[in-house]
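Reading through the structure tokens given below for one structure.
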Amino acid sequence: MRDWRIKFLFLFFLILFGVFVFRLYHFQIVKGEEYFKLAQNQQDTLQKISPKRGAIFFSDKKTCLARQEKCFTILIDPLMVDIKNIEKSIELLGSNLNLNTSQKNRLIENIKEKRKEGLHYLKVSNEKVSEIKKKEIQKLDISGIYFEEEGCRFYPQGELAAHLVGFYSEGSNEGYYGVEGFYDSVLKGVEGKIKGKKDAYGRIIPNYSQVLKQVQDGDDLILTIDFSIQSLLESKLKELVEKYGPEAATGVIMNPKTGEILAMASLPNFNPNEYDKADEKSLNNVAMQAFEQGSIFKPITMAAGIEENVVNPQTTYEDKGFVTIDNRQIYNWDRKGRGTANMIKVMEESLNTGAVFVEQKLGKEKFLNYIQKFGFGEKTGIDLQGESPGDIRNLFSPREIECANASFGQGFSATPVQILQAFSAIANGGKMVRPYVVKERITPSGKIIKTKTEVVASPISAETAARVSAMMVSVVKNGFGKKADVEGYLIAGKTGTAQVPDIGGYSSEVSTHTFISFAPALDPQFEIYIALLKQRNGQIFASDSIAPVVKDISSFLLAEYFKIPPSEK
């Protein structure tokens, strides 16, 4: 009996051993390769290494506008969470992160679901937190909370130059508007890749990693923008908005010889650190919004007429206060005639009839040709995302009235940056330069790539440019631009008060005030453009609203920034 039991046990263990050997053979030999690959796939991981986004600096190369800062993604390990107190834990965490009830409930459900599946690490939110916020969360002492270090975009100047810079979206990992949008591919760098092995908790095992692709950080950008000029421009625009209450204001200052933008601003403003609250405020009026510019266009019309020898500064015409084109009347701003008036008076007193006189002398075809020569209807190519080309389609109509209106800046739209580019030809001896905002790119290796000045066209001769400049000086000395005059200097300028298109015609309630100037007139170092958009109509014009501000800015630039001594006694 006893022998039988021993034999039975021996046979049982022999069979059991045989099954074990068979299963071992099955797993290691028959299915060995399959299970090896499965295990390898569970252990192997391909990790992407994000590059550091390039910084953006003012022209001094020190004052930072945008940079990468340390921030963290919050992760939670479902297997390490105190499941008995999960509601209390998530309530604490959610309150700290401003999660709503729905988000907190969804997080609890996800934790429970992933816990059943035996999975580690669940992202709490798409929002990244700062190091200060990380420490706050750590003090809550919630089990299972981990932090993954990443980089976040930070704008230390806040609203200053915000429209120029644009913003970076953490969600889409892309730059939008301004410099951030235009130079996105340069700033973002090249993503790296590491192949490695992970442990049971999903963590990379350092000694088993292999670099497949080196990470390459983004280039740093040095802007042409000067901090002090930018600050002055923005403060003056705020003064204008507070005093006159337009819907928007915009200003830009450029070197007409090089195309370097020294300052650029739009109001209302926004904080790129809170870009999700910006809405339409993030649009840059200088490059992205085209509108009718009004009488500041008259020097362009005059330049075309002088270049074609159909008029000169002393050419006269009979001003009745109105002119009839296509059975429609075009009036002077005050509906009054001046009798015999020369072209200088046309500029000084901003006579619409005089601008139409020049356009009619040129003829529609030549006039339209000059509008295109000066770059209207096309993008300037400024290095900002979302530039508008403006709209000159009306001018191709067979109706004479369209080009007649265009002679004094109505009936077609242009951006401020197009105006600046066009006037650079008058200020720069006939040579029109492309505007730009990035002076240098600095690669991670230290290589410096400089932006070069580009002459895009020469629509007029140096002689014509000098004549029109002199006429614009007369506008500031003797005409509607008097309040922009700076004692001891020759300032060339032109005012504009444009009607705003409305349903069925033009608005009787709002207008656009514009002003363009450059100085010193004989050797210009800067151009200034300022516009008040949708300004409530009243007894004020650009000569009253903007001209005094242009004087303040010009005074600072001439005497303090460029340190140019007065040329007049």
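The values are calculated or read from the model by the stated rules, or taken from the named source; none is laboratory data. As the structure is a prediction and not an experimental result, all values here were calculated from the model. Quick reminder, even Gly has a Cβ in these numbers, built from the backbone with ideal geometry, and neighbours come from all protein chains shown.
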*Which members of segment 74-125 meet the condition of being acidic (D, E) and either touching a Lys or Arg at 6+ places or on another chain (Cβ under 7 Å) or surrounded by fewer than 17 Cβ atoms within 10 Å (Cβ to Cβ) (or both)?*
D82, E87, E91, E109, E113, E117
*Quick one: would you say K345 is among the basic types (K, R), over 30 Å from I229 (Cα atoms), modelled with pLDDT of 95 or more and touching a strand residue (DSSP E or B) at 6+ places or on another chain (Cβ under 9 Å)?*
yes
*Quick one: I540 ticks every box in (1) at pLDDT below 90; (2) touching a strand residue (DSSP E or B) at 6+ places or on another chain (Cβ under 6 Å); (3) crowded, with 16+ Cβ neighbours inside 10 Å except a single one, so which number is it?*
(2)
_Condition met for V437 (of a type in the set (A, V, I, L, M, F, W, C), farther than 22 Å from E307 by Cβ and under 27 Å from the mean Cα position of the chain (by Cα))_ = yes
*Determine, yes or no, whether L107 is more than 30 Å from D219 (Cα to Cα), in a strand (DSSP E or B) and at pLDDT 80 or above.*
no
*segment 494-524, residues that are of a type in the set (V, I, T), assigned to a strand (DSSP E or B) and surrounded by fewer than 20 Cβ atoms within 10 Å (Cβ to Cβ)*: V500, V510
*asked:* Considering only segment 136-159, I want to know if a residue exists there that is closer than 25 Å to L233 by Cβ and assigned to a strand (DSSP E or B).
replied: yes
*Taking F556, is it within 20 Å of P256 (Cβ to Cβ), of a type in the set (F, W, Y), within 30 Å of the chain's Cα centre (by Cα) and in a strand (DSSP E or B)?*
no
*What is the number of the single condition among (1) under 30 Å from K366 (Cβ atoms); (2) at pLDDT below 95 that G430 does not meet?*
(2)
*Can you name the condition, by its number, that N85 falls short on among (1) more than 41 Å from the chain's Cα centre (by Cα); (2) of a type outside the set (V, I, T); (3) on the phi > 0 side of the Ramachandran plot?*
(3)
*In this structure, does V437 turn out to be touching a Lys or Arg at 6+ places or on another chain (Cβ under 8 Å) and either surrounded by fewer than 16 Cβ atoms within 10 Å (Cβ to Cβ) or over 30 Å from F541 (Cβ atoms) (or both)?*
no
_All positions within segment 62-100 that are modelled with pLDDT under 85, assigned to a loop (DSSP other than H, G, I, E, B) and among the basic types (K, R)_ = none
